[in-house]
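Step one of this worksheet: look at the structure below.
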Amino acid sequence: MIKNIVLIGFMGSGKTTVGKVLAEELGYNFVDTDNLVETSQGMDIPKIFETKGETSFRQSETVALSQAVAIAQCVISTGGGIVTVEANKDILNKGIVVYLEASPEQIYNNVKHDTSRPLLKGENMYQKICTMLNEREMLYKEVAHYTIKVDGKTPNEISTLLLRGIQ
Ligand code: S3P
């Protein structure tokens, strides 16, 4: 296999955990666009949103994605909003794009105690998830070459299904 594998999907769908397992299986590098942005900006994501705003975050995220796809043999985990920027679609398309599809219930379960995601902060987290997922679902499906339903599956199971699906 020559192309990189790019994981897309909503916050809390398991992109990072699955990506690490997958990279290990394949002997590939693992790259996370959120980490690249944090390193380039010298601060964590909540701080970037707070001090520079989402637009600035999105610009850094596009740069990070371009850097990630240029690395040979890697599994790339992306931020959940990567598909909301039109210019990212062509960059994503340089790899094999896999959508980890999770239900709002599964997502809520995975992120309900998490405070590191500025877009889910505050009241009514479940409602926010439903609304944003509804807005983004078409975008994920449009960009993805493969979709894996992840509800109730372990990272190892997802990784196995994914490799079976794309090979
Ligand atoms: C975001 C998802 C986050 C991170 C940022 C914005 C989004 O990444 O990029 O908080 O817009 O969905 P994860 O999907 O890894 O949580």
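The values are calculated or read from the model by the stated rules, or taken from the named source; none is laboratory data. Fair warning: this is a prediction, and the values are worked out from it, not measured in the lab. Note that we place each Cβ from the backbone using ideal geometry, even for glycine, and neighbour counts take in every protein chain shown.
Scanning segment 69-83 for residues that are in contact with a strand residue (DSSP E or B) (Cβ under 7 Å, 6 or more places away or on another chain) and more than 20 Å from GLU142 (Cβ to Cβ) yields ILE71, GLN73, CYS74, VAL75. Here is the figure for segment 29-56: residues that are farther than 24 Å from TYR140 by Cα and not in a helix (DSSP H, G or I) total 4. Within segment 88-107, residues that are part of a helix (DSSP H, G or I) sit with their Cβ atoms under 9 Å from residues that are acidic (Asp, Glu), at 6+ positions apart or across chains, in these pairs: ASN88/GLU61; LYS89/GLU142; GLU105/ASP151; GLN106/ASP151. Considering only residues in segment 25-38 that are within 11 Å of the ligand (Cβ to nearest atom) and of a type outside the set (A, V, I, L, M), the one that is farthest from the chain's Cα centre (by Cα) turns out to be GLU38. The set of residues in segment 150-167 that are exposed (fewer than 14 other Cβ atoms within 10 Å of the Cβ) and closer than 20 Å to ASN4 by Cβ comprises ARG164, GLY165, GLN167. For GLN59, the criteria (1) under 28 Å from SER40 (Cα atoms); (2) under 15 Å from the mean Cα position of the chain (by Cα); (3) free of Cβ contacts under 8 Å to residues at least 40 places away in the same chain hold in every case but one, which is (2). Does at least one position in segment 61-76 carry a residue that is surrounded by 14 or more Cβ atoms within 10 Å (Cβ to Cβ) and closer than 23 Å to GLY152 by Cα? Yes, that holds for at least one residue.
So which of GLU123, GLU137, GLU157, GLU142 is in contact with a helix residue (DSSP H, G or I) (Cβ under 9 Å, 6 or more places away or on another chain) and free of Cβ contacts under 8 Å to residues at least 60 places away in the same chain? Spell out the reasoning first.
Working: GLU123 fails: in contact with a helix residue (DSSP H, G or I) (Cβ under 9 Å, 6 or more places away or on another chain); GLU137 fails: in contact with a helix residue (DSSP H, G or I) (Cβ under 9 Å, 6 or more places away or on another chain); GLU157 fails: in contact with a helix residue (DSSP H, G or I) (Cβ under 9 Å, 6 or more places away or on another chain).
Going through GLU123, GLU137, GLU157, GLU142 in turn, the sole match is GLU142.
Beta carbons closer than 9 Å, at least 6 apart along the sequence or on distinct chains, pair a first residue in segment 39-54 that is within 13 Å of the ligand (Cβ to nearest atom) with a second that is part of a helix (DSSP H, G or I) and among the basic types (Lys, Arg) for GLN41/LYS47.
Here is a check on your reading of the model: is LEU7 modelled with pLDDT of 95 or more, farther than 28 Å from TYR126 by Cβ and within 14 Å of the ligand (Cβ to nearest atom)? Break it down into steps so the answer makes sense when it comes.
Numbers: modelled with pLDDT of 95 or more: yes; farther than 28 Å from TYR126 by Cβ: no; within 14 Å of the ligand (Cβ to nearest atom): yes.
Answer is no for this residue.
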